[in-house]
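What follows is a single structure, written as structure tokens, with notes after it.
FYI, it's all coordinate maths here, none of it is from the lab. As the structure is a prediction and not an experimental result, all values here were calculated from the model. All Cβ positions, even for glycine, are placed from backbone atoms using ideal geometry, and neighbour counts span all protein chains on display.
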């Protein structure tokens, strides 16, 4: 398999102490959509910043398309497009002008970028407002312009840092379709998100990252499959008994595969045929259970299973 | 209906009471939060304390300096001519004591306004006037040939009044101060040495004299002050680019840091140049005097050289600060000293060290060009040289500091 991005023990410390990224090893196949899933502050954006040559690593090596990250950043910049997490736009330029500016920075031919801008604006449903100043745009529209600026020059590798953050479901779907379109064109896409649905829906390969370290890698279905094929039952206890007392009791049930505490008062358990067995669980617990939910396992459950925390905690 | 109205009234009253109860602590908490927020920001605290301190100190220095006004004066003493050739002349009894005494008093630090004599008797009148036109000196005092003879008229029998010709730069204040002091000295000497005969002091202003208003005199300074304010604008622009992340966005494209920097500097240069031209036009519309022989190319050149320094200083500030607000505020720590200590708003009351500021040279050059119509190398060569060197050095420092990856991406 041809890897377009390879990193070896990549680290980034801030002020010599804060370990934002703590020894990441990656192999990103060419043409894949590689997702980074993790909570805020996990080190996703820092990793993207390093791979997109913005932030120098504290230590470690990386190659992008065979170019050394430390020595050949100019060549790397010609290959990549970066959609930052923040809305980085020139507010007093129109949407079209913002996109053109980035195209001009990449020395694209005028006729090429004009045509392509129209095409992209159309894909994002922004053609009608393309000549309006972006400061007059809604957050969602700005976010879409932010995405377009990263892809105008048809880069080989595109970094999307939380591309759908703050978008309404409809706009989010437009952005996801847009990203999938690049996936079909065999471009390599690196996507960071803390939205498990986004990670699940878009990623070919997923890396779960926490406290600057990779804690799991694999295809989303494989990661979920590792938890088993049962259901996730999650509930809150009212404090009559402690979780420490309850959890061993639940674990003894033969259809329960794992039990994980969440937050202060919640327990999540992975059980085969959970819906039918819920009464047995209630008999075992023998305390008042609040907010019971039963669902198929998700990437969030994978994360909970690995860290004991929710993605948003 | 009435009942309802009563209920509504009662509810209204209750609401008002509740609202009032809630309103007060909210204001209180908000105020405390604002204060906390500000006082936890070290940069803001430093500015909050530092700015008034520096401002007051500088203003105090400036106002203090107004009491010790000093002028550079050229004196040509014609009183000594002829005495050495005729040792028997009765005037030798007194030699040239009157003119020497006059110069000695003029030099005295204790004298009101403490006139500083920079040089005398070493220049011929033509050269001296040329220096005066170039504003290298404030005044030229020519002591007449008959000065001592006329002062000691009781003994010499001279019928003439002691004569002194004063030529000053094109500034009414300078003219009045120098004339008043000179007249007072001569009158005082006449009273002491000659039993009360007053001397006549001839005032002659040989520089193409135009009635200049205070505004006319300060226009060059105002222009330079205007350019200096742009330090704040330049610093805020570059720091703002960092703050908004647009610089980082550009850093991910094929554009180099140098290109980013130069494009930013160029845009600021053009904006500043436009502002200066606008200021110049407004000054002209308000009736500012520009000498008919003034060289416009030189005026623009001097201002452009100042803009270079401004860009350099703005970049230097922006390289250390992360947001436009801080950059804009902190710029004033540079702007005010440059304005106050560089002699923009003073004339004849500059500090001894004012020459280290580029503003001093810029204002001098502009005054010479705009008010006296002089544009020779002798008159403004040193000003242009200093401004060029200062502009290059500050721009280089600014570029080097800002071009660092750390400065752009911080």
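For the stretch B:342-394, state the semi-axes of the equivalent ellipsoid (square roots of 5 times the eigenvalues of the alpha-carbon gyration tensor), sorted largest first and rounded to whole angstrom.
The three semi-axes for the stretch B:342-394 are 17, 16, 8 Å.
Mean shadow of the stretch A:1-112, computed from the convex hull of its alpha carbons, in nm²?
Numbers: hull surface 35.5 nm².
Quarter of the Cα hull surface area: 8.9 nm².
Which whole number in µm²/s is D for the stretch A:3-219 by Stokes-Einstein, with the Kirkwood Rh taken over Cα pairs at 10 °C and 1.306 mPa s? Intermediate results must be reported in sequence, preceding the final value.
Numbers: Rh = 17.5 Å.
D = 91 µm²/s.
Take peptide A:99-111, look around each residue's Cβ out to 10 angstrom, count Cβ atoms belonging to other protein chains, and average those counts.
Details: counts 0, 0, 5, 5, 1, 2, 8, 3, 3, 0, 0, 0, 0.
Counting Cβ atoms of other protein chains within 10 Å of each residue's Cβ and averaging gives 2.
Determine, from the Cβ-Cβ distance of residue A:293 and residue A:30 and an R0 of 30 Å, the FRET efficiency 1/(1 + (r/R0)^6), rounded to the nearest 0.05.
Working: r = 40 Å, r/R0 = 1.34.
Taking R0 as 30 Å, the efficiency between residue A:293 and residue A:30 is 0.15.
So for the pair residue A:204, residue B:278, with labels modelled 7 Å out along Cα→Cβ, what separation do we get in nm?
It is 5.4 nm.
How many Cβ atoms of partner chains, on average, are near each residue of B:178-189 if near means within 10 Å of its Cβ? Could you put the intermediate results ahead of the total?
On the way: counts 0, 0, 0, 0, 0, 0, 0, 0, 0, 0, 0, 0.
The shielding value for this peptide is 0.
Express in % the proportion of alpha carbon pairs of the stretch A:152-250 at distances exceeding 20 Å. Don't skip to the answer; put the middle values down first.
On the way: 2656 of 4851 pairs.
Taking all Cα-Cα pairs of the stretch A:152-250, the fraction more than 20 Å apart is 55 percent.
Could you order the peptides A:263-270, B:163-170 from most to least packed, using the average number of other C-beta atoms within 10 Å per residue?
The most tightly packed comes first, giving B:163-170, A:263-270.
For labels at residue A:125 and residue A:107 in the simple 7 Å Cα→Cβ model, what's the distance in nm?
3.8 nm
Can you give the calculated 222 nm mean residue ellipticity of chain A, where each DSSP H run of n ≥ 4 adds -39,500 (n - 2.57) and the sum is split over every residue, rounded to the nearest 500 deg cm²/dmol? Walk me through the numbers before you get to the answer.
Values: 11 runs with 112 residues, N = 313.
Rounded to the nearest 500, it is -10500 deg cm²/dmol.
Tell me, what is the percent relative contact order of chain A, built from C-alpha pairs under 8 Å that lie six or more residues apart?
Values: 606 pairs, mean separation 61.1, N = 313.
With pairs under 8 Å counted, the relative contact order is 20 percent.
Pop out the Kirkwood hydrodynamic radius of the stretch B:214-409 from its pairwise C-alpha distances, inverse of mean 1/r, in Å to one decimal. Could you put the intermediate results ahead of the total?
On the way: mean 1/r = 0.0584 Å⁻¹.
For the stretch B:214-409, the Kirkwood estimate is 17.1 Å.
Evaluate 2.2 N^0.38 Å with N set to the residue count of the stretch A:1-61, then give the Cα radius of gyration divided by it.
Scaled against compact globular proteins, the figure is 1.12.
Can you tell which of A:295, A:276, A:249 shows the greatest fluctuation in a Gaussian network model of chain A with Cα springs below 10 Å?
Among A:295, A:276, A:249, the largest mean-square fluctuation in the Gaussian network model of chain A belongs to A:276.
Treating the angle as unsigned and between 0 and 90°, give the value, to the nearest 10°, between the Cα long axis of helix A:274-285 and the longest Cα principal axis of chain A.
It works out to around 50 degrees.
In nanometres, what is the gap between the two model label sites at residue B:336 and residue B:192, each 7 Å from Cα along Cα-to-Cβ?
Calculated label separation equals 4.5 nm.
Within 10 Å of each Cβ in peptide A:79-87, how many partner chain Cβ atoms are there on average? Round it to a whole number, please. Can you show the working numbers first?
Numbers: counts 1, 3, 2, 5, 2, 4, 1, 4, 2.
Mean shielding count: 3.
Rule-of-thumb check for the stretch A:222-313: C-alpha Rg over 2.2 N^0.38 Å? Don't jump to the answer; show the numbers that get you there.
On the way: Rg = 12.2 Å, N = 92, 2.2 N^0.38 = 12.3 Å.
So the stretch A:222-313 has a normalised radius of gyration of 0.99.
May I ask you to give the average projected area over all directions of the convex hull of the Cα atoms of the stretch B:212-319, in nm² rounded to one decimal? Walk me through the intermediate numbers first.
Working: hull surface 30.3 nm².
For the stretch B:212-319, the mean projected area of the Cα convex hull comes to 7.6 nm².
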